[in-house]
Amino acid sequence: MGIERLVPIDTQGGAYVAAHSAGYFHAPYRLSVHLYDAVFWVRCPCATTRFTVGLRWRRWVTLLVETRAEKFEISNGFVQSLSCIAIEPNAAPVNTAGPATQIIAKHYVLAGGSINSPALLLRSGAPDPHKQLGTRTFLHPVAITTAIMAKTVSAWDGAPQSIYSDHYLNTQPIDGPMGFKLEVAPLHPVFFGANLPGFGEKQAELFRQHPNANVMLAMAEIQFEAGAKTVYPGHEMGTGTTTLADTKKTIEAVSMKPLLTKIGSAHAMGGCGLAGDAQRGVTRRDGVHWQLENLSILDGSLFPTSIGANPQLSIYGSVNRLAQGLAKRLTGKEVTLAQKGQPQRHRAAELG
Ligand SMILES: Cc1cc2nc3c(=O)[nH]c(=O)nc-3n(C[C@H](O)[C@H](O)[C@H](O)COP(=O)(O)OP(=O)(O)OC[C@H]3O[C@@H](n4cnc5c(N)ncnc54)[C@H](O)[C@@H]3O)c2cc1C
């Protein structure tokens, strides 16, 4: 898959060095930075995703844009067709009364993600004899602290999400209290803005400090160790503090009310879980729907449970494997979709 271990880079506010000196386990992620010769940014929720999603363009591919897959027509254990509607850029239907595009195929691949794949199957009335469809949907709840560092960080640049620590996963007994992961997030403007407290001029003033900002899920201690001048807890009432003791006091003092406390999640998993038998899941181990012979589901909805780590690389890995198997079954030929390639070196730095 072109996934290589990268030399850590210093767009993470010195977090790599600071995690080390504060005594936390830490490691650089293995990131896929191998891009294909023609790349389509099919989706870009964050720098990481945009960075790593690529499609090799083939003449036989028809890409329907501003189109929503609405409903499968299903009978006799097969998907017979897929109805699609045209949508506006804001996702509103162009004309609900108008004719739908019908797609008729030998085999269908559903890859709408953990919310939309089960949703499409539910509104299509897909068979679900064991009531598994749309169940076991998992999220990783996330709390964030934002730090303004003394020096420029440019946390939107370089290989994103290259620093993490499993200290609080690896040091706990496996059957003990639930652990948590510490991460440094890639910081594009929307993500940064969503985590800043306040509105108007107060928020604008913080926004001006974007080049010096670092966001961690969720550890003020490491940020101060890395030289943060000010740290803001992820809370609407959270004020910036300049020492760890004051940050802890602020976190203790603020009210943990919904909408004030900023808990986010971008890791939806499950909903069409893989299972070894039809009673316990929606898809077989080869990614094919247990009750629909010509439908494969190839996305994060396949996870039977939360994987406890950022899901994207695991989605790529499992989908690549399952898609190769599917292509082989459909064509009778060996197919290699993603290959190990030469990684691009993005601002490799001296931190090592
Ligand atoms: C802000 C943000 C930051 C993230 N950061 C990280 C990270 O750093 N590391 C990491 O590992 N993961 C990260 N993730 C999670 C990661 O992006 C997802 O886990 C991953 O993209 C899920 O892949 P998927 O193929 O299951 O679904 P998706 O990537 O969601 O793909 C589903 C696609 O189907 C399309 N679709 C849905 N319904 C329909 C329909 N009815 N008709 C037509 N098209 C439809 C959607 O538009 C989308 O393009 C982040 C996510 C977000 C939102």
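The values are calculated or read from the model by the stated rules, or taken from the named source; none is laboratory data. Bear in mind that the values here come from a model prediction, so they are computed numbers and not experimental data. Reconstructed Cβ throughout: ideal geometry from the backbone, glycine too, with neighbour counts over all protein chains shown.
For the stretch 130-144, the condition of being on the phi > 0 side of the Ramachandran plot and either away from the ligand (no atom under 15 Å from the Cβ) or out of contact with any Leu (no Cβ under 9 Å at 6 or more places or on another chain) (or both) holds for at least one residue. When T230 is tested against (1) within 16 Å of the ligand (Cβ to nearest atom); (2) β-branched (V, I, T); (3) farther than 30 Å from A327 by Cβ, only condition (1) is not met.
With acidic (D, E) and in contact with a helix residue (DSSP H, G or I) (Cβ under 7 Å, 6 or more places away or on another chain) as the only criterion, which of D299, D277 stands out? Full working, then the answer.
On the way: D277 fails: in contact with a helix residue (DSSP H, G or I) (Cβ under 7 Å, 6 or more places away or on another chain).
From the options D299, D277, the qualifying one is D299.
Residues that are more than 28 Å from Y316 (Cβ to Cβ) and within 16 Å of the ligand (Cβ to nearest atom) are absent from the stretch 105-124.
Counted as qualifying within the stretch 186-299 are the strands (runs of 3 or more DSSP E) with 1 or more residues that are over 20 Å from A155 (Cβ atoms) and aliphatic (A, V, I, L, M), namely 295-297. For A155, the stated conditions hold: it is outside the structural domain of E73 (by TED's automatic domain parsing), closer than 24 Å to G238 by Cβ and within 15 Å of the ligand (Cβ to nearest atom).
Might you check whether a residue that is away from the ligand (no atom under 13 Å from the Cβ) and under 19 Å from the mean Cα position of the chain (by Cα) occurs anywhere in the stretch 159-169? Yes, the stretch 159-169 has at least one match. Is there a residue in the stretch 185-202 that is surrounded by 19 or more Cβ atoms within 10 Å (Cβ to Cβ) and among the β-branched types (V, I, T)? No, that holds for no residue.
Restricting the first member to the stretch 109-130 and to residues that are closer than 15 Å to S296 by Cα and assigned by TED's automatic domain parsing to the domain that holds L326, and the second to residues that are surrounded by fewer than 16 Cβ atoms within 10 Å (Cβ to Cβ) and of a type in the set (S, T, Y), no beta-carbon pair is closer than 8 Å while six or more apart or on different chains. Within the stretch 311-326, is there a residue that is of a type in the set (S, T, Y), crowded, with 21+ Cβ neighbours inside 10 Å, part of a helix (DSSP H, G or I) and in the same structural domain as L120 (by TED's automatic domain parsing)? No, every residue in the stretch 311-326 fails to be of a type in the set (S, T, Y), crowded, with 21+ Cβ neighbours inside 10 Å, part of a helix (DSSP H, G or I) and in the same structural domain as L120 (by TED's automatic domain parsing). Restricting to the stretch 300-319, name every residue that is away from the ligand (no atom under 12 Å from the Cβ) and more than 17 Å from P141 (Cα to Cα). The answer is P304, and nothing else.
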